[in-house]
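Structure first, commentary second.
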Amino acid sequence: MRPTWIEVDQAALVNNVKLVRNRIGVQRLLMAVVKANAYGHGLVDTSVELLAAGVDRLAVATLVEGIELRESGIQAPILVLGYTPPWLAPEAVHYRLTPALYDAELLAALDQAATPNQPALVHLKVNTGMNRLGLGIAEAPAFLEAARRFTQVQVEGIFTHFATSDLADKTFAQVQFGRFRALLTQLAMQGLRPPLAHAANSAAMLTLPETYLDMVRSGIALYGLHPDAEETRLPVDFRPALSWKAEVAQVRQLQAGESVGYGCEFVAPHPMTIAVIPVGYADGFPRRPFHWQNVLIHGQPAALLGRVCMDQTMVDVTAISTEQKPVKQGDEVVLIGCQGKSELSVDEVATRLRTNNYDVVSRILARVPRLIVSSPVAPRLASDPTRHAAG
């Protein structure tokens with residue numbers, strides 16, 4: 001372990017799954033998107049908790065993420081949302097992963113790798129306006145008709161992805177869904193519609209209930225974070241699951257004129273007390289062009305001084321450290337979360353970094369340990385191998 005760590009609140013995950021389930025109903029499937037290390041929360045153990053809380057399926061971005069889940073004992077269906085090259089078809093079949101399909105090369109490779117006892121499941125990805133990955137709408141009927149000749153491949157699902165569902169103006173999202181719904185109607189008339197159709201992400205889950213279809217893919221909302229902090233906010237009963245903490249590594253006194261860190265960029269204008277925290281840009285705590293600005297110590301903001309280093313950062317605790325309550329080695333530092341009556345939220349950090357909350361949490365590197373916290377005094381190590389068999 002390290003003196004910096006992520007705490008993932010199990011109760012918050014359970015609460016958020018329940019709230020999403022209440023919105024979409026029990027008649028349709030709920031898929032948790034756990035790509036990018038479960039948005040920084042920790043891939044395997046967060047997936048275990050989400051499945052235990054009631055999600056039906058998981059979605060990842062890459063085959064490697066899916067393989068990690070399988071090798072950890074998770075048996076739930078896993079959709080690979082990103083590009084799966086044809087040469088990885090044998091691994092997709094072996095690990096029972098469901099690739100997003102949009103070209104004939106992968107279809108043929110999967111058919112060759114699969115067997116009657118272990119067929120390849122796929123979901124057809126349709127481009128309705130995102131213009132990223134996906135098969136064109138006009139191409140989909142003929143593609144599905146041709147796919148019938150590949151007897152070892154089962155097209156279990158069909159899906160699309162919204163470009164603007166997190167914005168207040170839903171016009172383009174509704175255009176996209178109109179295109180997708182028209183395609184589903186056409187496919188149904190031709191006997192080609194796959195069993196599972198899905199389009200709704202977290203933002204659409206909140207604002208476009210007509211898009212729920214057979215399954216809803218929820219990512220950011222399950223972690224208690226807003227799809228968009230200004231235009232599509234979560235209801236107040238959702239709870240953020242992630243906190244990022246550290247310990248003070250050292251406290252030192254500076255005299256006026258002494259500098260701090262690489263490049264001597266900060267020079268003390270007067271005597272100061274500074275604290276060193278064991279967190280740096282190699283942990284996902286950025287150096288440039290923008291940084292965190294401050295962290296919390298003793299429930300008060302402590303401003304960053306000088307350059308953020310690879311593994312350490314210096315902060316100003318002059319106004320925080322008093323004779324009655326001095327800042328000392330081992331004191332708790334909060335980078336994301338609550339301390340006393342103060343809070344440093346992911347969205348506030350995102351504003352300072354001029355990015356979004358997705359970027360803030362997903363950039364926290366894997367070398368920062370993750371802990372599943374079941375109570376304020378009883379954290380459970382997220383690396384506990386006895387907890388990887390759920391699913």
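The values are calculated or read from the model by the stated rules, or taken from the named source; none is laboratory data. From a predicted model like this one, the values you see are computed outputs, not experimental measurements. Cβ coordinates were reconstructed from backbone atoms using ideal geometry, including for glycine residues, and neighbour counts include every protein chain displayed.
If you filter the stretch 25-43 down to residues that are of a type in the set (A, V, I, L, M, F, W, C) and under 22 Å from Val346 (Cα atoms), you find that the one that is surrounded by the fewest Cβ atoms within 10 Å (Cβ to Cβ) is Ala36. Of everything listed in (1) out of contact with any Pro (no Cβ under 7 Å at 6 or more places or on another chain); (2) in a loop (DSSP other than H, G, I, E, B); (3) surrounded by fewer than 21 Cβ atoms within 10 Å (Cβ to Cβ); (4) among the small types (Gly, Ala, Ser), the single unmet condition for Gly263 is (2). Can you tell me which of (1) buried (at least 22 other Cβ atoms within 10 Å of the Cβ); (2) among the acidic types (Asp, Glu); (3) over 15 Å from the mean Cα position of the chain (by Cα) is the one Glu91 doesn't meet? Evaluating Glu91 over (1) buried (at least 22 other Cβ atoms within 10 Å of the Cβ); (2) among the acidic types (Asp, Glu); (3) over 15 Å from the mean Cα position of the chain (by Cα) leaves (1) as the failure. Number of residues in the stretch 305-322 that are farther than 19 Å from Thr4 by Cβ and either in contact (Cβ under 8 Å) with a residue 60 or more places away in the chain or of a type in the set (Lys, Arg) (or both): the value is 1.
Among the residues of the stretch 166-173, is there at least one that is aliphatic (A, V, I, L, M), closer than 26 Å to Ala229 by Cα, out of contact with any Cys (no Cβ under 7 Å at 6 or more places or on another chain) and part of a helix (DSSP H, G or I)? There is at least one residue in the stretch 166-173 that is aliphatic (A, V, I, L, M), closer than 26 Å to Ala229 by Cα, out of contact with any Cys (no Cβ under 7 Å at 6 or more places or on another chain) and part of a helix (DSSP H, G or I). Looking at this structure, is Asn22 assigned by TED's automatic domain parsing to the domain that holds Ala199, surrounded by fewer than 24 Cβ atoms within 10 Å (Cβ to Cβ) and under 30 Å from Val279 (Cβ atoms)? Criteria not met by Asn22. Of the residues in the stretch 69-85, none is at pLDDT below 95 and either under 19 Å from Phe143 (Cβ atoms) or not polar (S, T, N, Q) (or both). Determine whether Asn15 is in contact (Cβ under 8 Å) with a residue 40 or more places away in the chain, in a helix (DSSP H, G or I) and surrounded by fewer than 24 Cβ atoms within 10 Å (Cβ to Cβ). Considered against the rule, which asks whether it is in contact (Cβ under 8 Å) with a residue 40 or more places away in the chain, in a helix (DSSP H, G or I) and surrounded by fewer than 24 Cβ atoms within 10 Å (Cβ to Cβ), Asn15 comes out as yes. In the stretch 281-289, is there at least one residue being crowded, with 18+ Cβ neighbours inside 10 Å, modelled with pLDDT of 95 or more, closer than 17 Å to Glu258 by Cβ and in contact with an Asp or Glu (Cβ under 9 Å, 6 or more places away or on another chain)? The answer is no, given that none of the residues of the stretch 281-289 is crowded, with 18+ Cβ neighbours inside 10 Å, modelled with pLDDT of 95 or more, closer than 17 Å to Glu258 by Cβ and in contact with an Asp or Glu (Cβ under 9 Å, 6 or more places away or on another chain).
In the stretch 31-76, what residues are out of contact with any His (no Cβ under 8 Å at 6 or more places or on another chain), not hydrophobic (A, V, I, L, M, F, W, C) and not in a loop (DSSP other than H, G, I, E, B)? Those that are out of contact with any His (no Cβ under 8 Å at 6 or more places or on another chain), not hydrophobic (A, V, I, L, M, F, W, C) and not in a loop (DSSP other than H, G, I, E, B): Lys35, Asn37, Tyr39, Thr46, Ser47, Glu49, Arg57, Glu65, Gly66, Glu68, Arg70, Glu71. Of all residues in the stretch 323-342, those satisfying the criterion of being touching a residue at least 12 places away in the same chain (Cβ under 8 Å) and part of a loop (DSSP other than H, G, I, E, B) are Lys325, Pro326, Val327, Lys328, Gln329, Gly330, Asp331, Gly340, Lys341.
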